[in-house]
Amino acid sequence: MSDIIDKIIEERLKRHGRIFVNKEILLPDYIPETLPHREREIRKLVEILVVGLKGERPSNILIYGLTGTGKTAVTKFVLKKLMEKAPSLGARIKYAYVNTRKVDTTYRVLASIARSLGLRIPLSGIAISEIYTRYVQALENWGGLHIIALDEIDYYVKRHGDDLLYKLVRINEDLENAKVAIIGITNDINFVDTLDPRVRSSLGEEEIVFSPYDAEQLFDILWERAQKAFVPGAVSEKIVRYCAGLAAREHGDARRALDLLRVAGEIAERQGANKVEIKHVIQASREIEYGRIYQAVSTLPLHAKLVLNAIIYLVKTKGSGTTGEIYSKYKEIAMSYGYDPLTQRRVSEIINELDMLGLATALVVNRGRYGKTKIVKIPRELLTIMEEALGET
């Protein structure tokens, strides 16, 4: 067995450097020095936040847009530049960026915010109210502007409610020497409607909407990064345009385009090729789709998994299912496991969430005098992946 490992290591090290110069440039978390086709959004965000350099509190901001439209990159880029500029103008600015899908409990979110001011917060063992008190005291002692960017904020609120958000948008009432501004980042254009009215009015003082990229814009983004990430000649304009075109079909997702290009390069490297070809991109697309579906299904809440199980059963037996049929099957499955079923209205909301995640397709059909109903389907090529993910969770 160790011989196999030694052989793979030896072969991979020999091939190292044929494809990539710096693969990290293609990672979604990498923030480049320029962000093509987001000048308007950068300008608006800076115009809102720039008052912080004069010691004033900026408005709170909600940033909307589909996945991969540059929301996170623009926010991090602008906050980094503001913090760098602040000392030369005699201003005090720090920021906390928290992805609330990854840092997914109230304790961890608040602890992450507090740590960005240099506070030492243990991984557990302190009351949330105590973390908040320490954070407020640290703010007062420091006396600057703290900007809190909460990414995927809709995910957090769905799981934990908006109590923490309420505390944060009202925190300036507890401060005399310092100020706090909130930036909420979400994929859900209707997110604000789910909030308590007191939170809604405070959080959504300013709004910025990011539109999807088109194929030409995606090409510009990819080509700029590709020239730094790949060995010269390892990737052509044709390949980059192909990746951009595939991603443009899926809501103009730059993250998807970058993943395609990076994984295609990794596949080419594993196969000992000197350059990325169309076949590598096609294989990368299959691998990414498998991984995306598997991860999305395996991380669903319990009842969403049960609803998905019901949809899968109906798709396999009759090709599709109405909301009524899905609810009946879901109730049967839930009760067989000893769980109390949710209401039909909540199951209908879960179906919409599965549709939004791309795990099912829900189409409203008019049946004349029988009224409207929703027909739910899943592409048959995804059924096996979903069943594997459900079977292991």
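Read the figures in this text as sums done on the coordinates, not as results from a lab. Quantities reported herein were computed from a predicted structural model and do not represent experimental measurements. Heads up, the Cβs are rebuilt from the backbone with ideal geometry, glycines too, and the neighbour counts pull from every protein chain shown.
Report the Cα-based extents of region 196-335 along its three principal axes, largest first, to the nearest Å.
Largest first, region 196-335 extends 59, 47, 21 Å along its Cα principal axes.
Counting Lys +1, Arg +1, Asp -1, Glu -1, what net charge surrounds Ala111 among other residues with beta carbon under 13 Å of its beta carbon? Let's see the in-between values first.
Numbers: positive: Arg108, Arg115, Arg120, Arg134; negative: Asp104, Glu130.
That sum, taken over residues with Cβ under 13 Å, equals +2.
Residue separation times 0.36 nm, minus the C-alpha to C-alpha distance between Lys238 and Asn352: what's the value?
Values: separation 114, 0.36 × 114 = 41.04 nm, distance 3.73 nm.
Contour length minus Cα-Cα distance gives 37.3 nm.
Give me Ile312, Ile148 ranked fewest to most by other Cβ atoms within 10 Å of their Cβ, as a rough exposure proxy.
Working: Ile312 19, Ile148 22.
Lowest to highest Cβ neighbour count: Ile312, Ile148.
Please report Ile126, Ile350 as a ranked list, fewest other C-beta atoms within 10 angstrom at the top and most at the bottom. Provide the component values of the computation, followed by the final result.
Numbers: Ile126 15, Ile350 21.
In order of increasing Cβ crowding within 10 Å: Ile126, Ile350.
Would you calculate the separation in nanometres between label points at Ser298 and Thr384, each defined as 7 Å from the Cα along the Cα-to-beta-carbon direction?
The answer from the label model is 1.8 nm.
Report the gain in length on full extension from Lys377 to Ser211: 0.36 nm times residue separation, minus Cα-Cα distance, nm rounded to one decimal. Please report the intermediate quantities before stating the final value.
On the way: separation 166, 0.36 × 166 = 59.76 nm, distance 2.76 nm.
That works out to 57.0 nm of additional length.
Treat each spin label as a single point 7 Å out from the Cα along the C-beta direction, and report the Arg40 to Gln137 distance in nm.
Here the answer is 4.8 nm between the modelled labels.
What is the Rg over Rh value, at two decimals, for region 39-210, using alpha-carbon atoms and the Kirkwood definition of Rh?
Values: Rg = 15.1 Å, Rh = 16.1 Å.
My calculation of the ratio gives 0.93.
Quick one: Kirkwood hydrodynamic radius for region 213-296, alpha-carbon pairs, angstrom, one decimal? Present the calculation step by step, with values, prior to reporting the outcome.
Values: mean 1/r = 0.0796 Å⁻¹.
Roughly 12.6 Å, rounded to one decimal.
Which of the lysines could be linked to Lys76 by a straight reach, that is with a Cα gap under 30 Å, when you skip same-chain ones fewer than 8 residues away?
Lys23, Lys44, Lys54, Lys85, Lys94, Lys102, Lys158, Lys167, Lys179, Lys228
More than 16 Å apart: what percent of Cα pairs in region 313-369 qualify? Before the final figure, lay out the partial values.
Numbers: 786 of 1596 pairs.
Summing the P(r) of region 313-369 above 16 Å gives 49 percent of all pairs.
Can you work out the FRET efficiency for the pair Asn274 and Thr317, with r the C-beta to C-beta distance and R0 = 45 Å, to the nearest 0.05? Each step should come with its number before you reach the end.
Numbers: r = 49 Å, r/R0 = 1.09.
For Asn274 and Thr317, the calculated efficiency is 0.35.
Could you tally the net charge around Lys102, taking each other residue with its Cβ under 12 Å from the Cβ of Lys102, Lys/Arg +1 and Asp/Glu -1?
Charge balance in the 12 Å sphere: -2.
Looking at Tyr327, Gly391, Ala310, which one has the Cα that reaches farthest to the positive end of the dipole of region 300-391 (charges on Cβ: Lys, Arg +1; Asp, Glu -1)?
The Cα lying farthest towards the positive end belongs to Tyr327.
Can you pull the one-decimal nm distance between simple spin-label points at Ser59 and Thr194, each 7 Å off the Cα toward Cβ?
2.4
In units of 2.2 N^0.38 Å, what is the alpha-carbon radius of gyration of the chain? Intermediate values should be presented prior to the final figure.
Working: Rg = 24.0 Å, N = 393, 2.2 N^0.38 = 21.3 Å.
Relative to the rule-of-thumb radius for its length, the chain sits at 1.13.
Per DSSP H run of at least 4 residues, take -39500 (n - 2.57); add these up for the chain, divide by its residues and hand me the 222 nm value, nearest 500 deg cm²/dmol.
On the way: 16 runs with 210 residues, N = 393.
Per the formula, -17000 deg cm²/dmol.
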